[in-house]
Amino acid sequence: MARLDLEALHRDMTAWRRDLHAHPEFGFEEKRTAAFVAGKLREFGLDVAEGIGGTGVVGTLTRGSGNRAIALRADMDALRIAEQGTQAWRSQTPGTMHACGHDGHTSMLLGAAKLLAGEGDFDGTVRFIFQPAEEWGRGALAMLDDGLLERFPFEEIFGLHNMPGLPVGHFETRSGPVMSAEDNFEIVLKGLGGHAARPHAGQETLVAACALVVNLQTIVSRRLSPADIGVVSVTELITDGTRNALPGMARILGDCRSFRPEVSAAIEKEMRRIGEGTAQAYNVEAEITYTREFVPLINDAALVDEALAAARTVLADDTVRVAADDAVRVAADDAVRVAAEPMTASEDFARFLDHVPGCFVFMGNGDTAPLHNPAYDFNDEGLLHGARFHAAVVRRRLAVG
Ligand SMILES: [Zn+2]
Ligand SMILES: [Zn+2]
């Protein structure tokens, strides 16, 4: 088959990315985005299914006679953050923006679909999965609950996320734990509010809450093994007190991260013990709610090797196309690395890995604002690398012959 003009593909992806950026949609509200994705996939000749798990889209492309199937996944949702950027393609929806680069992820997977549909070069079936609602960790489950694996079976899955601070054209990942579980908690202390001058007459909750915030810090420092990674962060403390009235209610909210279910369970158990014990010591009541929002993301070791090898072929082809502008030549071996440490951020991609092995990689976004920052913008220079990485994974895993 004829080779696609990569410069033209890069221009197409840039236009798609900026269009998506200007029209961000929050999780499960990605109607315009999903229609955009489905329209492009049909244009490239894929079989398309819409409305999977709400607004999810699945494109299927088959070549040759192989019976293996692999999946590539992108996320489509934006965040409720007011954009500060002034670029021509800035968000046209006040209070909502693509601050995590999912506009870029979607465009790169569309680019890979166009590339693979046009060039072939593989034997088997590729599922292009565009999931809703990654940011609040519900979209992958919604698609799985809607029969994703039964209706569009695949044996392994690959995904990527852009990473500000990592140079454009660089790829990084590791085997085993890559991103953490996220648990959320709320502890409500209940007592009896009253006059600020007469604390002994009531059961005020603020001193108890302050003690509890400090006590919770002993979970990681004194209850977890030093060999385990865990984070317990109190992020909010709210009371119903006022300047001259002691609060009868105090709410403590926060967020915990871990990489093993046993650690998550231990954090919850200790939190309940310390929460109830501290409340009792201060003569108030504690109501504790602990929820699990994201599971840890665990990469398959063999597929990490495959993904890194695919990333190296992308760079070996043309030694980082975009870097030529800067007169910087980056050798593929320097640009594709095994990350030393897992990250304590979380990713909904992990839900797919509960069912099939796979690999999630990070791709350089260059020197941009951080993820979830109001000044963030996906770096279009990386679009071609991402699309070609996806295509290279398919050509390795569904190799002809
Ligand atoms: Zn995000
Ligand atoms: Zn993201």
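The values are calculated or read from the model by the stated rules, or taken from the named source; none is laboratory data. Since we're looking at a predicted model, the values are computed, not measured. Using ideal geometry, Cβ is built from the backbone for each residue, glycine included, and neighbour counts are taken over all protein chains shown. For accessibility, only protein heavy atoms count, side chains too; no ligands or nucleic acids. Shrake-Rupley method; radii C 1.70, N 1.55, O 1.52, S 1.80 Å.
The figures follow:
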| read-out | value |
| --- | --- |
| From the options Ala227, Ala302, Ala286, Ala266, residue that is small (Gly, Ala, Ser) and under 16 Å from Ile187 (Cβ atoms) | Ala286 |
| Pairs with Cβ under 7 Å, 6+ apart, first in region 354-373 and within 14 Å of ligand 1 (Cβ to nearest atom), second outside any loop (DSSP other than H, G, I, E, B) and of a type in the set (Ser, Thr, Tyr) | Phe360/Thr173; Phe362/Thr173 |
| Unique residue being open to solvent by 10 Å² or more (accessible area, probe 1.4 Å) and free of Cβ contacts under 8 Å to residues at least 24 places away in the same chain when the list is Thr86, Thr55, Thr60 | Thr86 |
| Unique match (being in the same structural domain as Gly358 (by TED's automatic domain parsing) and under 30 Å from the mean Cα position of the chain (by Cα)) among Ala302, Ala265 | Ala302 |
| Condition check for Ile219: closer than 15 Å to Arg272 by Cα, open to solvent by less than 70 Å² (accessible area, probe 1.4 Å) and not in a strand (DSSP E or B) | yes |
| Subset tally (residues that are at negative phi and within 16 Å of ligand 2 (Cβ to nearest atom)) for region 92-131 | 16 |
| Some residue of region 115-127 being assigned to a strand (DSSP E or B) and within 16 Å of ligand 1 (Cβ to nearest atom) | no |
| Members of region 165-206 that are under 30 Å from Met363 (Cα atoms), assigned to a loop (DSSP other than H, G, I, E, B) and open to solvent by 30 Å² or more (accessible area, probe 1.4 Å) | Gly165, Pro167, Arg174, Ser175 |
| Residue count, region 89-112 (criterion: open to solvent by less than 10 Å² (accessible area, probe 1.4 Å), away from ligand 1 (no atom under 16 Å from the Cβ) and part of a loop (DSSP other than H, G, I, E, B)) | 0 |
| The lone exception for Ser346 - which of (1) modelled with pLDDT under 85; (2) part of a loop (DSSP other than H, G, I, E, B) it fails | (1) |
| Positions within region 255-302 being open to solvent by 60 Å² or more (accessible area, probe 1.4 Å) and within 18 Å of Ser225 (Cα to Cα), in sequence order | Arg260, Pro261, Glu262, Lys269, Arg273 |
